[in-house]
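The values are calculated or read from the model by the stated rules, or taken from the named source; none is laboratory data. All values reported here derive from a predicted model rather than from experimental measurement. Here the Cβ positions follow ideal geometry from the backbone for every residue, glycine too, while neighbour counts run over all protein chains shown.
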Amino acid sequence: MAIIDKPSDYFNTVLYTGNASASRSITGVGFQPDWLWVKGRSTAYYHALWDVVRTNKSALYSNATNAEDTGTGGTLGSFNSDGFTLPNESGGFVNNNGTTYAAWNWKAGTSFTNDASATGIGTIDSSGSVNATAGFSIISFTGTETSSQSVAHGLGAVPELIISKSLAVADNWMVYHGSFSAQDYISLNTTAAKASASSVWTSLPTSTVINIGDNAGVNDNGAMIMYAFNSVQGYSKFGSYVGGGSNFPFIYTGFKPAFVMLKNTSATGGWLIADNKRDPENIVDKKIFANLSNAEGTDNVCDFLSNGFKLRTTDTSQNGSGNTIIYMCFASNPFVTSTGVPTTAR
């Protein structure tokens, strides 16, 4: 697969300050986002996640088990060519006057549908939006809450990260990572370590389908959404490392990071999110946790380098000695472009 020379065509972070105006448009993304994740930085508000596949544009909350929020404050106005329009509510949790926000944006873009009985791919019909170039797919389907099912994801490659949520009922977010064994899972909205259950992922995903059990987090008897990713050279990486405690490991990604999310799977700990817009210089020290509504905190996390990131913390959640930490990382620049141009460190 070709190197992505301009990662900001597929992922970008935008920062803004709330002004309490209804239906406010946020621009500067550089493309129409298909998955949008917003978090208040200076005030404790829920994380809000929207995607283009769920046409009702209702918020999901990564730090909670809630079903979709179909209320006025939870309904996104629109996805636009260079950004998005916030809910039609004066203020609200994503536009409170004076509150600073981070908005993380991903591009999918190509619609797909799969009739499982007609194609022989999977056992449950699915549809969504996929970007094989960027290794990202949004998958919508109606769950059956019966074991040993599968849904097509459209990537054409084996997913290395899957994030799943029931839309109709309150239940945990379920996550699969490429470093896991077949039935391992972890929950995005909790601090819990990795666990295993055949009711979640029945077997490893393939280049065509995601294999699921009857757990409500992956196959509720109703509407479901999944976000699936595979690594793309120069753009994204989904891997793991062993924490060093008082030693600071370097993690090679092959690009300069723009966004990283870390989670200790061996022990309890939060899902830390860092990015290059909130922290344009090293050391990266502005901490938001996907499982918490807390305002942004400050503490040493890591350095973003030209070809990866280096830990700068002894915190168990990100660098517990001997613990396995998984990561989700997206690029600001490839280490070397397709034309041979190298990137520089910060």
- Reported set for segment 265-294 where residues are aliphatic (A, V, I, L, M), farther than 14 Å from ASN319 by Cα and assigned to a loop (DSSP other than H, G, I, E, B) is ILE283, ALA290, LEU292
- Note on the structure: Only unsatisfied item for GLY73, checking (1) assigned to a loop (DSSP other than H, G, I, E, B); (2) without any contact (Cβ under 8 Å) to a residue 60 or more places away in the chain; (3) more than 25 Å from ASN131 (Cα to Cα), is (1)
- Under the condition of being at pLDDT below 95 and surrounded by fewer than 18 Cβ atoms within 10 Å (Cβ to Cβ), which residue from segment 78-90 is nearest to the chain's Cα centre (by Cα)? ASN88
- Query: When you go through PHE238, PHE259 one by one, which is the residue that is within 16 Å of PRO159 (Cβ to Cβ), in contact (Cβ under 8 Å) with a residue 24 or more places away in the chain and either part of a strand (DSSP E or B) or in contact with a Ser or Thr (Cβ under 6 Å, 6 or more places away or on another chain) (or both)?
  - Reply: PHE238
- What about GLY244, is it within 20 Å of the chain's Cα centre (by Cα), outside the structural domain of ARG54 (by TED's automatic domain parsing), outside any strand (DSSP E or B) and at pLDDT 95 or above? no
- Task: Go through GLY120, GLY154 for me and flag whichever is without any contact (Cβ under 8 Å) to a residue 60 or more places away in the chain and surrounded by fewer than 22 Cβ atoms within 10 Å (Cβ to Cβ).
- Result: GLY120
- Query: Mind checking which residues of segment 303-346 are modelled with pLDDT of 95 or more, of a type in the set (A, V, I, L, M) and farther than 14 Å from THR253 by Cα?
  - Reply: ILE325
- Evaluate segment 14-33: report whether one residue or more is part of a strand (DSSP E or B), under 26 Å from SER332 (Cβ atoms) and without any contact (Cβ under 8 Å) to a residue 40 or more places away in the chain. no
- Task: For segment 16-23, state whether one or more residues are buried (at least 19 other Cβ atoms within 10 Å of the Cβ), in contact with a Phe, Trp or Tyr (Cβ under 9 Å, 6 or more places away or on another chain) and closer than 24 Å to MET224 by Cα.
- Result: no
- Residue identified as on the phi < 0 side of the Ramachandran plot and crowded, with 21+ Cβ neighbours inside 10 Å among GLN183, GLN149: GLN149
- Query: Name the residues in segment 11-44 that are of a type in the set (Ser, Thr, Tyr) and either touching a Gly at 6+ places or on another chain (Cβ under 9 Å) or at pLDDT below 95 (or both), would you?
  - Reply: TYR16, THR17, SER21, SER23, SER25, THR27, SER42, THR43
- What about ASP34, is it over 16 Å from PHE79 (Cβ atoms) and out of contact with any helix residue (DSSP H, G or I) (no Cβ under 6 Å at 6 or more places or on another chain)? no
- Query: So is ASN95 surrounded by fewer than 17 Cβ atoms within 10 Å (Cβ to Cβ), assigned by TED's automatic domain parsing to the domain that holds ARG41 and in contact with a Ser or Thr (Cβ under 9 Å, 6 or more places away or on another chain) or not?
  - Reply: no
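Quick grid of which residues meet (1) in contact with a His (Cβ under 6 Å, 6 or more places away or on another chain); (2) outside the structural domain of GLY213 (by TED's automatic domain parsing); (3) assigned to a loop (DSSP other than H, G, I, E, B):
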site	(1), (2), (3)
GLY128	no, no, no
THR133	no, no, yes
SER137	yes, no, no
VAL158	no, no, yes
ALA170	no, no, yes
